[in-house]
1. Quick one: if you take sqrt(5λ) for each eigenvalue of the C-alpha gyration tensor of the stretch 1-134, what semi-axes come out, biggest first, whole angstrom?
2. Taking the Cα atoms of the stretch 217-351, report the difference between the largest and smallest coordinate on each principal axis, in whole Å and largest first.
3. Run through every distinct alpha carbon pair of the stretch 39-98 and return the Kirkwood hydrodynamic radius in angstroms, one decimal place.
4. Suppose we take every Cα in the stretch 157-272 and form the convex hull; what volume per residue is that in Å³?
5. To the nearest whole percent, what portion of all C-alpha pairs in the stretch 1-77 is separated by more than 14 angstrom?
6. Quick one: pull the percent of accessible area on the stretch 159-248 belonging to carbon and sulfur, 1.4 Å probe, ligands and nucleic acids left out.
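The values are calculated or read from the model by the stated rules, or taken from the named source; none is laboratory data. Since we're looking at a predicted model, the values are computed, not measured. Side chains are part of the model used for accessible areas, which takes the heavy atoms of the whole protein and leaves out ligands, DNA and RNA. Shrake-Rupley method; radii C 1.70, N 1.55, O 1.52, S 1.80 Å.
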Amino acid sequence: MPSSQNFPPELLAVNPAEKLAYFESCTVVHRRLKIAYEAVIDAVNNPGGASLIFLFGPTGVGKTTLLHQVVKVLIEQNSRAIQLDCGHIPVAYVEARAPESGSFDWKDYYKSVLIALADPFVDYKLRTGSSRIEGSGSSQRLIKSKANLSDLREDVAAIIQQRRLIVFLVDEAQRFTKMASGRRQQDQMDAIQSMASFTSTRHGLFGTYELLQLRNLSGQLSRRSLDIHFPRYQADCSQDVKDFKRVLKSFACQMPLLETPDLEQHWEYFYERSIGCVGIVKNWLTQALRKALAESASTLSLAHLTPYAPSVSKCMQMATEAIEGEKALLESESELGRLRQKLGLTVKEPSTATEALLNSSTRSTGNKKEKKTKKRRPGERNPQRDVIGGAPSVS
């Protein structure tokens, strides 16, 4: 069993609520998270003309954890500028809300942006009704008005410039896709891109693979955006399996229990019920630890884990969505031949790496390629084993 404990020893003497709060606040920096983090930071600091940063991955992979880490680091990197200008906010973020009416609510989104950027007049701007005086002298009159979408958009652009924002991050950005038609989706992205260009601020959109349908709606959008993939761990990759086991060990060592649980021995169970997503594992372990602490258990056992394991049906749905998203990315790589053909270039054979990825995707979906039957000339026998040692008996 693992023996190293990475939590302060005094935690063993505190109450269960404090122990649970400590574990909830812990973040395990693993390989997939580190690669995605470095890619996002590089895209923010060296955008190369891009104004939009797309980060997509399966649900529960750890995108929100990554977003919070990016916010923390960017604030630290710009701490000197913040000290010189207390009104400067280098990075801010919101979670895009799911629409209640079936279409994304831009007015609600702009309101949340104003709040995230600490607009000092946000209460006045969000008031359902306001008034202003127009004209002068005897021609003065009181005009009552309501906050509308265009006014809120202007207010957002103004506060972004006042705060000298470097990057604005949106979590659950796939909710921008909740519109009635493809044309409206293009309008969605045009609005975000124009805001980014007008304010000279990068916008980072973090979301599931649903976000893929927004990234190439136009050539202009493709040119102004960067794509970052935050994938899950794959069970058919030995290095991924090793990293996944390390994640389990790290979580086990962060649990303030008398005995460190040996989670690695059950790695397949954790993998099948998390589809290789660390965020799902963390939430699952948090619930199991709560149960163990409530029972004053000395360690975490399968009896604590089993009740909170994601159901098979949920895992099947998550796995289906993840594999379809991964296939969409691989299919984009396989389109190189068609691109070269359209440009009048010689079509090259797929690289070994691309072939391996495509083969891996085929294995993961469980679809086997049908073998093509070789056509034979009329009268030609099918291959079969002949009888040896005498003529066959005839009944």
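1. One finds semi-axes of 35, 22, 19 Å for the stretch 1-134.
2. So the extents along the principal axes, rounded to whole Å, are 70, 29, 28.
3. 13.3 Å
4. 179 Å³
5. Tail of P(r) above 14 Å: 71 percent of Cα pairs.
6. 46 percent
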